[in-house]
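Below is one structure, written out as structure tokens; comments come after it.
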Amino acid sequence: MPLDPLPKLADPRRLAELSTKLEGEVDLGACARLQEFAPENAGRAQAVFAFSRDAQGRVVMEGEARAALRLVCQRCGEPFLDTHRAEWRVVFVPSEDEERRLAGEGIDAWCQQGLLDVIGFLEEELILALPMAPHHREDCEPGHEPESVAHPFAVLAEWFERDPRET
């Protein structure tokens, strides 16, 4: 059963006051930055965003997203479909100083005022969760060897080999 689309923008503070959970889908074709890392993705990502307040009264956003992404194997160069999952827990803080302090404690904090770009945030989390060197099987064979490329200083070698009287 398809989910409703996620809203483009949301107010984290208001949603935290109401302990709201957003659940929906995002069209991956509309995620231009994700397309740079995982091209030709036209499916949908399902995501859940849960807003609350922690013991200190700060706004907290927890969530996860799942998507089937078409990646390119770094071993054989063939495209493959990978079920991808991203999770997050972000504490919203009022100042950059507080953001730095919490980051030093290992807490993912974000100084964010106003509305949250839900789709942009989701896209960023999917990008951050991508593998550094995707591969589809442990036993896949390396692809074709790259064509030999001329050494960039080959022309200089020719100059040194010439007889100076020829010029």
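Quick check: anything in region 87-104 closer than 30 Å to Glu138 by Cα and loosely packed, with under 13 Cβ neighbours inside 10 Å? So far as region 87-104 goes, yes, one or more of its residues are closer than 30 Å to Glu138 by Cα and loosely packed, with under 13 Cβ neighbours inside 10 Å. Which residue is nearest to Phe37 (Cα to Cα), if the candidates are limited to region 58-117 and must be at pLDDT below 90 and of a type in the set (S, T, N, Q)? Here the residue is Gln74. Considering the conditions (1) within 27 Å of Cys140 (Cβ to Cβ); (2) modelled with pLDDT under 90, Ala30 is excluded by exactly one of them, (1).
Look through region 86-126, keep the residues that are free of Cβ contacts under 8 Å to residues at least 40 places away in the same chain and of a type in the set (Val, Ile, Thr), and return whichever of them is nearest to Pro7 (Cα to Cα). In this case the residue turns out to be Val90. For region 24-83, the candidate set comprises residues that are touching a residue at least 24 places away in the same chain (Cβ under 8 Å) and polar (S, T, N, Q); within that set, the residue that is farthest from Leu126 (Cα to Cα) is Ser52.
Under the condition of being small (Gly, Ala, Ser) and over 28 Å from Ala103 (Cα atoms), which residue from region 68-86 is surrounded by the fewest Cβ atoms within 10 Å (Cβ to Cβ)? Reasoning before the result, please.
Here is the first cut: in region 68-86, the residues small (Gly, Ala, Ser) are 68, 77, 86.
Checking the rest, the ones that are also over 28 Å from Ala103 (Cα atoms) come to 68, 77.
Working: Ala68: 13, Gly77: 11.
Once the filter is applied, the top-ranked residue is Gly77.
Assigned to a loop (DSSP other than H, G, I, E, B) and either under 13 Å from Leu122 (Cα atoms) or modelled with pLDDT under 95 (or both): does that describe Met1? Against the criterion (assigned to a loop (DSSP other than H, G, I, E, B) and either under 13 Å from Leu122 (Cα atoms) or modelled with pLDDT under 95 (or both)), Met1 qualifies.
The values are calculated or read from the model by the stated rules, or taken from the named source; none is laboratory data. Quick caveat, the model's predicted, so the values are computed rather than measured. Every residue, glycine among them, receives a Cβ derived from its backbone with ideal geometry; neighbour counts consider all protein chains shown.
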